[in-house]
Amino acid sequence: MGFPASFANSRRELLTRLERKILSLLAEARSQREIAEAEALSPSLVKRYIQQIYGKLGANNRQQALERARSLGLLVAALSNEVSYA
């Protein structure tokens, strides 16, 4: 049995599009500096976004955030080991 449509919408709204992108880069084991360069953001802004992501997911670190995101269906690992965001 699948999730109701309202759940799919609410989980997407949990994180902004940029937060989901940053989360996917975290899942690729990218550093904050690498994320900043990839998204044309300052490292301090990336750090702030990561803290917001942790807060929204109730996580204290990267591993917890990624586990929580996967359990919520926010990260979907493809067979090629690439990560996409919902």
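Scattering from region 5-77 was approximated by placing one identical point on each alpha carbon and applying the Debye formula without solvent; log10 I(q)/I(0) at 0.22, 0.25 1/Å stands at -0.94, -1.18.
Our estimate of slack between R70 and S31, defined as 0.36 nm per intervening residue step minus the Cα-Cα distance, is 12.1 nm.
Just so you know, all these numbers are worked out from the coordinates, no wet-lab data involved. Note that this is a predicted model, so its numbers are computed, not measured.
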